[in-house]
Ligand SMILES: Cc1cc2nc3c(=O)[nH]c(=O)nc-3n(C[C@H](O)[C@H](O)[C@H](O)COP(=O)(O)OP(=O)(O)OC[C@H]3O[C@@H](n4cnc5c(N)ncnc54)[C@H](O)[C@@H]3O)c2cc1C
């Protein structure tokens, strides 16, 4: 790995300043994706700007009106254990608890995962199903506009994701079929019935990052039952294909996981 400078920012403003001062800087959160890319030589920034010293990014809280604030630097492990998240959106706390292993959950952050937008990641599907809103140092971005494709987000190069606002749904669940070694999702499906009755279905494991499944949503809006999904398929052209699984297998699995997810929240 090439040598690099390291700066521990004390505020969001200081971190933004580092990204704008003309140096080749990259933010580091938990480092669980970034450091692997650097070790593989896929990335070689001159300076890492660490967000770990910014206390406000580690805070989560209730906002009132059934909404929660999840700080960008909250780790998967913190969120899996968080009593507030577990009681308000247990399906999201369970998603966090099934990411990777204890070590990755202790370091990896929700903000790093969303900024990275890995097509096999779990948070993008869970938060897409919930219709979350992402807050940066300068604006609010609805998740439907935030995720822009494979490893793609609406973040500008000098923009920092500060936290995520999410509303308590009537019910929500995430089910994934894990890649055995890493526990990344070969396929993961999140289903949420929101407080206004709308049903959202989001899929991870595709070639375009996390996406919604409109046909599945329409069928479940009529009746939230696994029977409503009979005959519905996921287009294999949508799915990733790699050494772990071909696209047709993933597409088949996606429909199976969707039925299992719906069965678990409908009790059928
Ligand atoms: C073995 C292994 C197994 C894993 N299994 C899973 C799994 O099952 N499910 C899953 O979802 N994920 C999994 N992951 C990924 C893990 O969740 C990472 O934590 C996550 O992808 C990146 O988070 P991070 O905090 O480590 O970010 P980093 O690696 O530090 O950063 C990732 C990228 O995001 C940018 N960034 C970070 N924070 C911000 C911010 N606040 N604002 C703007 N940009 C930012 C960085 O500049 C970088 O480009 C796994 C990782 C490993 C190593």
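The values are calculated or read from the model by the stated rules, or taken from the named source; none is laboratory data. Given the structure is predicted, the values throughout are model-derived calculations rather than measurements. Ideal geometry is used to build each Cβ from the backbone, glycine not excepted, and the neighbour counts take in all protein chains shown.
Each row is one residue, and each column tells you yes or no for (1) modelled with pLDDT of 95 or more; (2) in contact with a helix residue (DSSP H, G or I) (Cβ under 9 Å, 6 or more places away or on another chain); (3) farther than 26 Å from residue 28 by Cβ.
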residue	(1), (2), (3)
142	yes, no, yes
153	yes, yes, no
174	yes, yes, yes
185	no, yes, no
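Which residue out of 100, 94 is within 9 Å of the ligand (Cβ to nearest atom) and surrounded by fewer than 24 Cβ atoms within 10 Å (Cβ to Cβ)?
Numbers: 94 fails: within 9 Å of the ligand (Cβ to nearest atom).
Exactly one of 100, 94 is within 9 Å of the ligand (Cβ to nearest atom) and surrounded by fewer than 24 Cβ atoms within 10 Å (Cβ to Cβ), namely 100.
Restricted to segment 146-176, and to residues there that are within 12 Å of the ligand (Cβ to nearest atom) and within 27 Å of residue 84 (Cα to Cα), the residue that is surrounded by the fewest Cβ atoms within 10 Å (Cβ to Cβ) is 162.
Residues being farther than 14 Å from residue 72 by Cβ and in contact (Cβ under 8 Å) with a residue 40 or more places away in the chain: count how many of those fall in segment 35-55. First the steps, then the outcome.
Start the filter on segment 35-55 by keeping residues that are farther than 14 Å from residue 72 by Cβ, which leaves 35-48.
After this cut, where a residue has to be in contact (Cβ under 8 Å) with a residue 40 or more places away in the chain as well, the list is 41, 44-48.
Adding up the residues that qualify gives 6.
Here's the yes/no breakdown for (1) in the same structural domain as residue 159 (by TED's automatic domain parsing); (2) at negative phi:
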residue	(1), (2)
10	no, yes
26	no, yes
29	no, yes
38	no, yes
46	no, yes
66	yes, no
75	yes, yes
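Here's a check for you: in segment 180-190, which residue that is more than 17 Å from residue 96 (Cβ to Cβ) and buried (at least 17 other Cβ atoms within 10 Å of the Cβ) is farthest from the ligand (Cβ to nearest atom)?
Among them, the one singled out is 187.
Just to be sure, is residue 46 modelled with pLDDT of 95 or more, closer than 30 Å to residue 183 by Cα, loosely packed, with under 15 Cβ neighbours inside 10 Å and within 14 Å of the ligand (Cβ to nearest atom)? No: the conditions fail for residue 46. Taken over segment 1-24, the residue count meeting the criterion of being at pLDDT 95 or above, more than 17 Å from residue 72 (Cβ to Cβ) and touching a helix residue (DSSP H, G or I) at 6+ places or on another chain (Cβ under 7 Å) is 1. I need the full set of residues from segment 77-105 which are more than 20 Å from residue 169 (Cβ to Cβ) and more than 16 Å from the chain's Cα centre (by Cα), in order please. Matches in segment 77-105: 81, 101, 102, 103.
Based on what the data block shows, is residue 254 at pLDDT 95 or above, assigned to a helix (DSSP H, G or I) and in contact with a helix residue (DSSP H, G or I) (Cβ under 7 Å, 6 or more places away or on another chain)? Break it down into steps so the answer makes sense when it comes.
Numbers: at pLDDT 95 or above: yes; assigned to a helix (DSSP H, G or I): yes; in contact with a helix residue (DSSP H, G or I) (Cβ under 7 Å, 6 or more places away or on another chain): no.
Considered against the rule, which asks whether it is at pLDDT 95 or above, assigned to a helix (DSSP H, G or I) and in contact with a helix residue (DSSP H, G or I) (Cβ under 7 Å, 6 or more places away or on another chain), residue 254 comes out as no.
Restricting to segment 66-91, and then to whatever is assigned to a loop (DSSP other than H, G, I, E, B), more than 14 Å from the ligand (Cβ to nearest atom) and in contact (Cβ under 8 Å) with a residue 24 or more places away in the chain, can you tell me which residue is surrounded by the most Cβ atoms within 10 Å (Cβ to Cβ)? Quick ask: steps written out before the conclusion?
Start the filter on segment 66-91 by keeping residues that are assigned to a loop (DSSP other than H, G, I, E, B), which leaves 66, 72-74, 82, 89.
Retained after the next criterion (residues that are more than 14 Å from the ligand (Cβ to nearest atom)): 66, 82, 89.
Filter again for in contact (Cβ under 8 Å) with a residue 24 or more places away in the chain, leaving 66, 89.
On the way: 66: 13, 89: 24.
Within segment 66-91, the match that is surrounded by the most Cβ atoms within 10 Å (Cβ to Cβ) is 89.
Taken over segment 25-36, residues that are more than 6 Å from the ligand (Cβ to nearest atom) and in contact with a helix residue (DSSP H, G or I) (Cβ under 9 Å, 6 or more places away or on another chain) amount to 1. The set of residues from segment 109-145 being within 7 Å of the ligand (Cβ to nearest atom), in contact with a strand residue (DSSP E or B) (Cβ under 9 Å, 6 or more places away or on another chain) and within 19 Å of residue 156 (Cβ to Cβ) comprises 111, 112, 115, 116. Quick check: anything in segment 56-63 without any contact (Cβ under 8 Å) to a residue 40 or more places away in the chain and either assigned to a strand (DSSP E or B) or out of contact with any strand residue (DSSP E or B) (no Cβ under 6 Å at 6 or more places or on another chain) (or both)? Within segment 56-63, one or more residues are without any contact (Cβ under 8 Å) to a residue 40 or more places away in the chain and either assigned to a strand (DSSP E or B) or out of contact with any strand residue (DSSP E or B) (no Cβ under 6 Å at 6 or more places or on another chain) (or both).
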